[in-house]
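Structure first, commentary second.
The values are calculated or read from the model by the stated rules, or taken from the named source; none is laboratory data. Nothing here was measured: the structure is a model prediction, and the numbers come from that model. For neighbour counting, all protein chains shown are included, and Cβ atoms are generated from backbone atoms with ideal geometry for every residue, glycine included.
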C-alpha cells in the first residue's frame with residue numbers, strides 16, 4: 001500500500017506572513033498610492049515579530065500611462081526596488097501579486113482575453 005501524498009512532510013520556506021494591502025494599490029488610473037506608507041523600520045519590526053513572508057498586491061494597470069498597456073511610472077519601480085532591498089536585508093520572502101484584473105469588476109464588466117494579453121505584454125518586460 002502506497003503512502004498518501006498528504007502524509008508526506010513538505011516544509012514550506014515560510015511560516016508567518018502578512019498582507020500589505022493598499023501600499024502599492026491604486027484604484028484609479030494615474031492616481032499614485034502613498035508609496036511612503038511603510039519604510040525600512042516597518043520591515044525590521046515585522047522581522048522582529050517573526051514575519052517571514054509579505055504579500056504585496058499591486059494594481060499595475062492603474063500605475064501605467066496609459067492604463068493597462070503603457071509604461072509603469074518610474075517612481076513605482078524605484079519604490080518597489082527599495083522594498084525588495086528591505087525584504088532581502090531582513091530575509092523576508094516577498095510575493096508581488098499583480099492585481100490588475102479585479103474579480104469584482106469582472107463580474108460587472110468582464111475584460112477580454114485581448115486586454116489581458118495586451119496588459120501582460122506591456123507590463124512583463126518592464127518587470
Would you please name the residue that is nearest to the chain's Cα centre (by Cα), looking only at residues in region 52-95 that are within 20 Å of residue 36 (Cβ to Cβ) and in a loop (DSSP other than H, G, I, E, B)? 59
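Here is a yes/no grid of residues against (1) at pLDDT 95 or above; (2) surrounded by fewer than 16 Cβ atoms within 10 Å (Cβ to Cβ); (3) in contact with a strand residue (DSSP E or B) (Cβ under 8 Å, 6 or more places away or on another chain):
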{"position": "33", "(1), (2), (3)": "no, no, yes"}
{"position": "40", "(1), (2), (3)": "yes, yes, no"}
{"position": "44", "(1), (2), (3)": "yes, yes, no"}
{"position": "60", "(1), (2), (3)": "no, no, yes"}
{"position": "63", "(1), (2), (3)": "no, no, yes"}
{"position": "71", "(1), (2), (3)": "no, yes, yes"}
{"position": "76", "(1), (2), (3)": "no, no, yes"}
Of the residues in region 50-77, how many are free of Cβ contacts under 8 Å to residues at least 24 places away in the same chain and more than 20 Å from residue 120 (Cα to Cα)? 0
Lone unmet requirement of (1) surrounded by 15 or more Cβ atoms within 10 Å (Cβ to Cβ); (2) more than 16 Å from the chain's Cα centre (by Cα); (3) farther than 23 Å from residue 120 by Cβ for residue 29: (3)
Condition check: closer than 20 Å to residue 14 by Cβ and in a helix (DSSP H, G or I). Does residue 43 satisfy that? yes
Could you say whether any residue in region 8-29 is assigned to a helix (DSSP H, G or I) and touching a strand residue (DSSP E or B) at 6+ places or on another chain (Cβ under 9 Å)? no
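Which residue out of 24, 14 is over 21 Å from residue 127 (Cα atoms) and at pLDDT below 85?
14
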